[in-house]
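Every number here is computed from the coordinates shown, using simple stated rules; none is lab data. Small disclaimer: the values here were computed from a predicted structure and weren't measured. No Cβ is skipped: glycine too gets one built from the backbone with ideal geometry, and neighbour counts run over all protein chains shown.
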Amino acid sequence: MYELEVLNPVSPQQGEVSAFPYAPRPASLDGKVLGLMWNGKAHGDDALKRAGELIRQKAPTVDVRFYSGALPFPDPTRNKAISEIDAAIGCTAD
């Protein structure tokens with residue numbers, strides 16, 4: 001069994017527990033499709049690709065797919081990802 005700790009980079013607003021509700025998480029990434037969503041910011045692709053490598057070490061049967069676009073993602077890219085993936089990691093970086 002694999003465990004993946006997910007951190008929410010959005011700070012809670014004063015008096016709130018979380019600014020956004022957490023998305024449902026799959027029990028495992030084995031046999032799942034993981035989308036890496038990059039918005040084109042410098043070095044975000046490096047971070048996502050490294051995350052994908054580390055996740056593959058823990059869940060060797062995960063299918064990792066890379067998507068790039070701007071935020072918000074253009075409809076065709078977003079719809080393609082939604083139709084193909086079970087879970088996603090998105091990032092921004094500079």
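Points to keep in mind about this one:
- Aspartates and glutamates whose Cα lies under 12 Å from that of LYS32, excluding same-chain neighbours fewer than 8 positions away: ASP63, GLU84, ASP86
- Packing rank of 28-35, 43-50, where each peptide gets the mean count of other beta carbons within 10 Å, highest leading: 28-35, 43-50
- For TRP38, the amide hydrogen comes within under 5 Å of the amide hydrogens of TYR67, SER68, GLY69, counting only partners 5 or more places away or on other chains and with H modelled in the peptide plane.
- Ranked TYR2, TYR67, criterion: other C-beta atoms within 10 Å, fewest first: TYR2, TYR67
- Under 17 Å of direct C-alpha separation, and excluding same-chain neighbours fewer than eight residues apart, LYS41 reaches these lysines: LYS49.
- Distance (nanometres) between label positions extended 7 Å along Cα→Cβ at LEU7 and ILE82: 3.0
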